[in-house]
């Protein structure tokens, strides 16, 4: 009697089926020539049935493209081939995905489907996908790899870790050649250094450039432990992970807790490490406690030194006492509320009614104490008791 042997490893897609079929045909050939034709038909039918239902254990599936380059190499606890010989269902797959002959991802799952034509691998359950170049690890419950499209998709409970950040989203789409990962659906990225939380409906992580971009509204919070010490939002944003700089454009707003300031502009550059905010387009700065608002064409806010330096078409308004000062340049010390204005200074106030001009002014808006100087004239303005 001839026995079928279990195949521990298979070198290519069809080997398991061909060996099984060959053994069955050998069984038929060894039968005596006087067997009835109907018995031969039964054996042939049995051979066809076994071929259609082959299950192999502990094997490795290799798939190559037309140029002979490996597309994937996947080990599995068991493999069951479909009747049309086009797909293989795998249990506990663990393998590598290739591009240009080099392994680029390692993938693990509970089960999956491998297409014979090299178009796609689908994996399900407890997905672990590792980007071998960056060390990024993605986890989820569904994975799809389409080598011709250079597209790896991980979705359904997606989380990810990397030395620079942790993330969660509904879906991640990786393009290896561009080193680009697109995250969509309730995206949260936690940057390790500086400590930032980025939230948006879509983020694009340019892995080699070490940048996280969003062309949709996003919120960014600076954290100190569990405490939020600054928060920003804009329609478009970029977080440079290497330079530790956040760029905010279109309806940008940044709110600092210490000192309590709100900055609005269409173009803000926030150096998180040294706590400097640059505005290259018209900017508005509000001191919420003292109800002072200053606008200008451009400016720089140094949160460590607690200073605001505004230039070109500067206008400062004290809402409490309806005072106003316009100048070419204004330096504002937030802690002391001291202001220094230089160039074409005009100061007005409602009570008492005053309108004065000069090349330079020093004082404090909130209590209407302003000293204007320049040339031979120096005017001091003190409110009525």
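Looking at the stretch 250-267 only, could you name the residues that are at pLDDT below 95 and surrounded by fewer than 18 Cβ atoms within 10 Å (Cβ to Cβ)? Give the steps one after another, and end with the answer.
Step one: of the stretch 250-267, the residues at pLDDT below 95 are 256-261.
Hits for the stretch 250-267 are 257, 258, 259, 260.
In the stretch 144-164, which residues are free of Cβ contacts under 8 Å to residues at least 60 places away in the same chain and outside any strand (DSSP E or B)?
Listed by number, the residues that qualify are 148, 149, 150, 162, 163.
Out of the residues in the stretch 165-188 that are in contact (Cβ under 8 Å) with a residue 40 or more places away in the chain and crowded, with 19+ Cβ neighbours inside 10 Å, which is farthest from the chain's Cα centre (by Cα)?
176
Contact list please: Cβ distance under 8 Å, first residue in the stretch 115-143 and on the phi > 0 side of the Ramachandran plot and touching a residue at least 12 places away in the same chain (Cβ under 8 Å), second residue assigned to a loop (DSSP other than H, G, I, E, B) and crowded, with 16+ Cβ neighbours inside 10 Å, pairs at least six apart or on different chains.
125/109; 126/109; 135/162
Can you tell me which residue in the stretch 76-96 is surrounded by the fewest Cβ atoms within 10 Å (Cβ to Cβ), limited to those that are in a strand (DSSP E or B) and under 31 Å from the mean Cα position of the chain (by Cα)?
So the residue we want is 94.
Can you find, within the stretch 143-153, the residue that is surrounded by the fewest Cβ atoms within 10 Å (Cβ to Cβ) among those that are closer than 12 Å to residue 121 by Cα and within 19 Å of the chain's Cα centre (by Cα)? Spell out how you get there, then give the answer.
Here is the first cut: in the stretch 143-153, the ones closer than 12 Å to residue 121 by Cα are 143-148, 151-153.
Of the ones still in play, those that are also within 19 Å of the chain's Cα centre (by Cα) are 143, 151-153.
Values: 143: 28, 151: 14, 152: 24, 153: 20.
Once the filter is applied, the top-ranked residue is 151.
Could you check how many residues of the stretch 332-353 are closer than 20 Å to residue 291 by Cβ and in contact with a strand residue (DSSP E or B) (Cβ under 7 Å, 6 or more places away or on another chain)?
Residues flagged as closer than 20 Å to residue 291 by Cβ and in contact with a strand residue (DSSP E or B) (Cβ under 7 Å, 6 or more places away or on another chain) within the stretch 332-353 amount to 10.
Only one residue in 159, 130, 113 is surrounded by fewer than 22 Cβ atoms within 10 Å (Cβ to Cβ) and more than 30 Å from residue 218 (Cβ to Cβ). Which one? Give the derivation first.
Details: 159 fails: more than 30 Å from residue 218 (Cβ to Cβ); 130 fails: more than 30 Å from residue 218 (Cβ to Cβ).
Result: 113 is the single residue among 159, 130, 113 that is surrounded by fewer than 22 Cβ atoms within 10 Å (Cβ to Cβ) and more than 30 Å from residue 218 (Cβ to Cβ).
Pick out the one residue from 246, 204 that is touching a strand residue (DSSP E or B) at 6+ places or on another chain (Cβ under 6 Å), modelled with pLDDT of 95 or more and within 20 Å of residue 161 (Cα to Cα).
204
Look through the stretch 321-331, keep the residues that are over 12 Å from residue 360 (Cα atoms) and in contact (Cβ under 8 Å) with a residue 40 or more places away in the chain, and return whichever of them is surrounded by the most Cβ atoms within 10 Å (Cβ to Cβ).
323
Given the conditions (1) surrounded by 15 or more Cβ atoms within 10 Å (Cβ to Cβ); (2) at pLDDT 50 or above; (3) touching a strand residue (DSSP E or B) at 6+ places or on another chain (Cβ under 7 Å), report the number of the one that residue 99 does not fulfil.
(3)
Across the stretch 116-127, which residue is modelled with the lowest pLDDT among those that are under 18 Å from residue 63 (Cβ atoms) and surrounded by fewer than 15 Cβ atoms within 10 Å (Cβ to Cβ)?
Going residue by residue through the stretch 116-127, those that are under 18 Å from residue 63 (Cβ atoms) are 116-123.
Narrowing further to those that are surrounded by fewer than 15 Cβ atoms within 10 Å (Cβ to Cβ): 117, 119.
Working: 117: 78, 119: 86.
For the stretch 116-127, the residue satisfying everything is 117.
On the given criteria, is residue 247 assigned to a strand (DSSP E or B), more than 29 Å from the chain's Cα centre (by Cα), without any contact (Cβ under 8 Å) to a residue 40 or more places away in the chain and buried (at least 18 other Cβ atoms within 10 Å of the Cβ)?
no
Restricting to the stretch 207-239, what's the tally of residues that are part of a strand (DSSP E or B) and touching a strand residue (DSSP E or B) at 6+ places or on another chain (Cβ under 7 Å)? If you could, list the steps in order and put the result at the bottom.
Residues of the stretch 207-239 that are part of a strand (DSSP E or B), as a first pass: 211-214, 218-224, 227-234, 236-239.
Imposing the further condition that a residue be touching a strand residue (DSSP E or B) at 6+ places or on another chain (Cβ under 7 Å) reduces the set to 211-214, 218-223, 228-234, 236-239.
Counting residues in the stretch 207-239 that are part of a strand (DSSP E or B) and touching a strand residue (DSSP E or B) at 6+ places or on another chain (Cβ under 7 Å) gives 21.
The values are calculated or read from the model by the stated rules, or taken from the named source; none is laboratory data. Being a predicted model, the structure only gives us computed values, none of them experimental. Positions of Cβ are backbone-derived with ideal geometry, glycine not excepted, and every protein chain shown enters the neighbour counts.
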